[in-house]
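Reading through the structure tokens given below for one structure.
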Amino acid sequence: MDLVRDLFEQWSAGAYEPVIEAADPGVEIFSRFASLGGEPYRGPEGVRRWIAEIQATFDRFDVRTSDFLDLGDRVLALGMIGLKGKASHIEIEQPMGWLLDLRGGKLIRMFFYSSHAEALEAAGLSE
């Protein structure tokens with residue numbers, strides 16, 4: 001759970017390198033805001049591509065967590081995300097949930113959910 005808290009703290013501060021360093025070589029990122037083809041970002045290069053797409057698309061990409069639930073080899077993080085599009089200048093604030101799968105102290109999978117209820121359901125929990 002400390003790994004996930006640290007990753008979100010670094011991510012919130014705009015430091016993406018710790019996400020790459022914490023990723024297993026076979027990591028998969030299932031992002032809601034990118035990878036429109038429906039395929040996850042895979043491996044360290046996929047994580048770098050995901051980060052580059054975030055930075056190219058958004059002037060602001062703020063992540064704020066409010067709760068973490070330890071589910072053994074998974075951690076559920078709940079919070080908010082704030083975005084500002086580079087081209088549109090549209091700002092969005094919305095609840096978000098992230099479900100992270102861990103193995104051997106490494107991130108192996110991360111899923112994004114656009115509501116707390118959806119994230120809780122994906123984790124097999126309810127509100």
With all protein chains in place and a 1.4 Å probe, E17 shows an accessible area in Å² (nearest 10) of 90
With every protein chain in place, what's the accessible area of S66 (1.4 Å probe, Å², nearest 10)?
90
With r defined as the distance between the Cβ atoms of R60 and D2 and R0 fixed at 22 Å, what FRET efficiency is calculated, to the nearest 0.05?
0.20
Simple spin-label estimate for D67/I92, 7 Å along Cα→Cβ, in nm, reads 2.3
Quick calc, region 43-98, dipole around Cα centre from Cβ unit charges on Lys, Arg (+) and Asp, Glu (-), nearest 20 debye, gives 200
By the mean-Cβ-within-10 Å protection proxy, highest first, 83-90, 108-115, 58-65 rank as 108-115, 58-65, 83-90
For the chain, take every pair of Cα atoms, bin their distances at 5 Å starting from 0, and report each bin as a whole percent.
2, 11, 21, 26, 23, 12, 4, 1, 0
Accessible area in the full protein assembly, largest first, 1.4 Å probe, for R5, R74
R5, R74
So if each residue of separation counts as 0.36 nm, and I subtract the Cα-Cα distance between K106 and F30, what length gain in nm does that give?
25.7 nm
Positive-pole candidate from L107, L76, T57, dipole of the chain, charges at beta carbon:
T57
Dipole moment magnitude, nearest 20 debye, the chain about Cα centre, only Lys, Arg, Asp, Glu C-beta charged:
320
Residues in region 49-63 near a label at M80, defined as backbone nitrogen under 11 Å from the 7 Å Cα→Cβ point?
63
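The values are calculated or read from the model by the stated rules, or taken from the named source; none is laboratory data. Model, not experiment: these values are computed from the prediction. Don't worry about glycine lacking a Cβ; one is built from the backbone with ideal geometry, like all the others, and counts go over all protein chains shown. Areas reflect the complete protein model, heavy atoms only, side chains present, ligands, DNA and RNA absent. Shrake-Rupley method; radii C 1.70, N 1.55, O 1.52, S 1.80 Å.
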